[in-house]
Structure formats: C-alpha cells, structure tokens
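Following this message is one structure expressed as structure tokens.
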Amino acid sequence: MDFDILIKNAITRNSHGEKVQIAISKGKIVGIATEIKGSANQTIDAKGNLVSESFINGHLHLCKVYTLEMMDDEAMSAYTDGSMGGAMTGIELAAKVKEKYDEKWIIENVRKAANLALKFGNTHIRAFADTDTKAKLEGIKALLKAREEFKGKVEIQVVAFPQDGVVRDPGAEAYVEEALKLGADVVGGIPWIEYTDADAQEHIDRMFALAKKYDKPISMLIDDAGDPTLKTLEMLAVTTIKNGWEGRVTAQHCRAMALYPEPYYRKIEHLLKRAKIGVVSDPQTGPLYARVKDMYKSGVRIALGQDDISDAYYPFGRNNMLEIAFLASHLMWMNSRNDMEVLYDLITTNAAECLNIKGHKLEVGGDADLVVLNANSIWEAIRNHEAPLYVIKNGIDVTAK
C-alpha cells in the first residue's frame with residue numbers, strides 16, 4: 001500500500017470550501033491535494049466535513065477528576081465567589097481530599113477522564129498531579145500508569161505539582177524531585193500561594209533548579225486570585241530569561257491580569273513574549289481570567305485549558321476542548337466567525353506552540369494527529385461541540401469505539 005490512511009472528501013481550514021484528500025504514512029501527513037493517486041490500508045470518507053489538527057488540553061488537574069462527591073461546596077464557593085479574593089482559602093479547603101489519596105482509586109478516575117479525551121479528539125494533555133506532603137506520590141503514580149496505558153492514543157504529560165507551596169510546605173520539594181526520578185515530565189509550581197514575595201521567588205528558584213538538574217520544562221499556576229498586586233508572573237518571566245529557559249515554561253491561569261493597570265499589563269506582555277512563556281487560560285472555572293484576546297493579538301503564546309473535571313473547584317467538564325471553546329466564546333464575548341477561528345487556534349495550533357509541541361499542524365510533513373469532525377465549519381463545530389467522527393494519533397485511527 002502507498003499510504004496507511006487516505007482521507008477523502010475533506011474540508012480543511014485552508015481549503016476555502018474545496019474538498020481535498022489527505023494522505024498519511026508512518027505517522028506523518030505526506031500529501032494534501034484535490035486528488036491523490038495511490039492505495040491505502042484505510043480509506044476514510046470525511047463526507048465534506050472539517051478535518052483539522054487534534055485538540056490539546058494545556059491544563060488539567062488529572063489526579064483530582066471526579067472527586068467532587070468527596071467534598072462539600074465550601075471550597076468551590078471560597079474559590080469563585082466575588083472577585084476571587086478567597087481563592088487561597090478555597091485551595092486550602094480543597095486540600096482535604098488529599099487525606100484520602102490512594103493510587104488505586106485515582107487511576108480509575110484518571111482512566112475515565114482519559115477515555116473522554118480520546119472520545120473528543122483531545123490527544124495531548126498537560127496533566128497536573130499534586131505532589132506534596134499530603135498527596136505524597138499517589139497521584140503521580142496513577143498518572144504515570146495512565147500515561148503508559150494511553151500511549152499512542154492520548155499523550156499525557158505528567159506535571160509534578162506542589163499544590164500547597166514549597167516554602168510553606170516543607171518536604172514538598174523532595175516529593176517533586178522524587179516524582180521526577182519516577183519519570184514525571186514537567187516541573188510544576190504555584191508561587192503565588194506562598195505568604196511573601198520573597199518566599200514566592202524562592203519557590204520559583206527552587207523549581208527552576210530542579211528543572212535544570214533534570215532538564216525538564218516548567219508549568220506553574222500563577223496569580224490565581226483577584227489581587228492586582230500579585231507579581232509572580234513577572235517573577236516567572238524574569239527568572240525564565242535569567243535561566244535561559246525561554247520556550248520551556250507555561251503559566252496557567254494568571255487571573256490577576258484581568259485587574260492589572262494598563263501600563264503594567266503592557267510590561268508583562270513584553271516580558272511574556274521575550275521569555276516565550278505560554279499562558280493557558282481557563283475562563284470557565286473562575287469569574288476572572290487572563291486577557292486572552294489581547295495576548296493573542298500581540299503574539300503571546302496563548303491557549304485554553306479544561307482545568308478541572310468534577311472536583312472541588314468546578315462541577316462539570318468532559319475533556320472536550322470544543323466545549324471549552326464554546327464556553328469561552330460566551331464568557332469572553334468572542335462570537336464573530338473570526339473570533340471562533342481564534343478560539344479554534346487556542347485549542348489546536350496555538351495550544352501546541354504554547355506547550356512547545358512541534359509538528360502539530362495540518363500540512364505536508366506535519367504530524368498525523370487529526371480529527372474528522374461532525375461539522376463542516378468552525379462555527380458549526382463550536383456550536384455543537386460534538387465528538388469527532390474519527391480521531392487519528394501518530395497516523396493510526398484510534399477512534400473510540
């Protein structure tokens with residue numbers, strides 16, 4: 001056979017309504033044309049539907065999925081009420097669930113969420129596991145096991161995440177290092193949770209030291225509260241540049257940005273571009289969110305994330321990035337067709353750039369990580385946010401049966 005998969009009658013974002021064929025071989029896209037001669041092991045008829053890059057979720061607390069039933073609503077109320085002034089209290093209350101952490105039940109929840117990711121064409125997840133003196137390594141072990149089980153279907157990047165801080169939680173740093181030795185992919189952090197600016201900078205510095213020691217990227221939850229005086233995004237950007245870690249750092253949330261004075265925001269925007277930091281926003285899980293449209297226009301690496309699935313912070317979620325785009329469209333008043341194209345970027349190509357995932361583009365030579373949607377336009381895809389008809393990962397049809 002000439003190809004592993006040949007997709008016929010496909011509409012792409014660049015085909016201007018014209019139907020094309022897409023040839024796939026050895027995990028790569030090897031041809032895009034109105035007609036491609038040759039035979040294939042599998043032929044898929046897209047029937048005039050949209051074919052695009054598969055979806056990427058840049059932020060999910062995968063160790064906590066489906067733990068809502070273990071909690072009351074106190075943490076969620078503290079986190080989301082008003083101007084998010086009680087976000088730290090919400091995190092402290094939500095930590096109670098970690099008293100029950102056990103790899104045996106965590107892995108079952110993780111499998112459920114990962115299977116939903118596969119169903120909805122979400123082939124890449126940056127997955128956070130609490131790694132501290134309460135959670136220890138139970139979440140890490142569950143996520144590492146799931147990473148292997150879903151290999152070739154859903155790429156799970158495991159983040160060792162010291163949810164309760166590093167300075168204020170003595171011993172957490174040792175657990176993060178142990179997680180890296182076990183095989184965690186990313187060094188996590190949450191510097192704003194510390195009590196002082198000096199402690200926040202120490203938090204960042206300690207995590208950078210681990211990242212450099214083990215040659216790992218970094219993902220940190222940043223300024224996740226309604227407080228415009230929080231400065232850990234600035235600290236993170238400056239530290240990234242000083243350490244030469246440009247392009248290897250993401251900042252999740254950054255909600256305080258919504259309250260920044262304009263001159264300060266402009267400075268931060270410049271630093272983010274210089275440091276090549278990716279920002280992942282989750283507007284559906286809190287009343288404040290980063291300035292997504294402004295960052296997109298200025299060229300900051302920006303993406304959307306799921307954040308939570310049925311836990312103490314958010315009661316919903318299906319690992320469906322089209323659903324996230326649908327919600328973001330309403331919350332951020334991005335309702336025009338052009339806005340929807342931007343939203344689609346934020347869950348596909350821009351999300352790949354944000355997480356430094358190479359080759360995630362529907363072009364000859366790009367990775368064959370694709371979805372065939374049950375829609376013929378971006379507008380229809382976001383409106384209905386249905387599961388794709390086909391999901392292709394590494395050039396293999398992995399569609400959930």
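Just so you know, all these numbers are worked out from the coordinates, no wet-lab data involved. No experiment lies behind these values; they were computed from the predicted model shown. Using ideal geometry, Cβ is built from the backbone for each residue, glycine included, and neighbour counts are taken over all protein chains shown.
Say the cut-off is 21 Å between C-alpha atoms; which of Lys64/Lys141; Lys273/Lys293; Lys47/Lys153; Lys134/Lys181 go over it? List each step's numbers first, then the result.
Values: Lys64/Lys141 13 Å; Lys273/Lys293 15 Å; Lys47/Lys153 24 Å; Lys134/Lys181 19 Å.
Over 21 Å Cα-Cα: Lys47/Lys153.
Next question, about the same structure. Which of the aspartates and glutamates could a cross-linker span from Lys28 if the Cα-Cα distance has to be under 20 Å and same-chain partners fewer than 8 positions apart are dropped?
In chain and number order, the partners are Asp2, Asp4, Asp45, Glu53, Glu155, Glu353, Glu363, Asp367, Asp369, Asp397.
I would also like to ask the following. Given the rule -39500 (n - 2.57) for each run of at least 4 DSSP H residues, summed and divided by the residues of the chain, what is its mean residue ellipticity at 222 nm, to the nearest 500 deg cm²/dmol?
Numbers: 13 runs with 138 residues, N = 401.
The per-residue figure over the chain is -10500 deg cm²/dmol.
Moving on to the next point. Return the whole-Å distance between the Cα centroid of the range 13-70 and the Cα centroid of the range 85-147.
The distance from the Cα centre of the range 13-70 to that of the range 85-147 comes to 27 Å.
Can you sort Val364, Val97 by how many other beta carbons sit within 10 Å, fewest first? If you can, show how the numbers build up before the last one.
Details: Val364 13, Val97 20.
Ordered by Cβ neighbours within 10 Å, fewest first: Val364, Val97.
Using a/c under 1.5 as the rounded threshold, could you call the range 52-100 rounded, prolate or oblate? The axes a ≥ b ≥ c are square roots of the C-alpha gyration tensor eigenvalues, and prolate needs a/b larger than b/c, oblate otherwise. Could you put the intermediate results ahead of the total?
Numbers: a/c = 2.72, a/b = 1.49, b/c = 1.83.
In terms of gyration-tensor shape, oblate.
Taking the Cα centre of the range 181-334 as origin and charging only Cβ (+1 Lys, Arg; -1 Asp, Glu), how large is the dipole, in debye to the nearest 20?
Details: 19 positive and 20 negative charges, 147 e Å.
That gives the range 181-334 a dipole magnitude of about 700 debye.
Something else now. So what is the orientation-averaged projected area of the chain, using the convex hull of its C-alpha atoms, in nm²?
On the way: hull surface 72.5 nm².
The orientation-averaged projected area of the Cα hull of the chain comes to 18.1 nm².
OK, next. Determine the alpha carbon to alpha carbon distance for each of Lys37/Lys297; Lys119/Lys231; Lys136/Lys213 and list only those over 29 Å. Mind dumping the intermediate values first?
Working: Lys37/Lys297 40 Å; Lys119/Lys231 39 Å; Lys136/Lys213 21 Å.
Pairs exceeding 29 Å: Lys37/Lys297; Lys119/Lys231.
Nearest-5 percent of antiparallel DSSP beta bridges in the chain? Show your work: numbers first, answer last.
Details: 18 of 53 bridges.
Approximately 35 percent, going by the DSSP bridge assignments.
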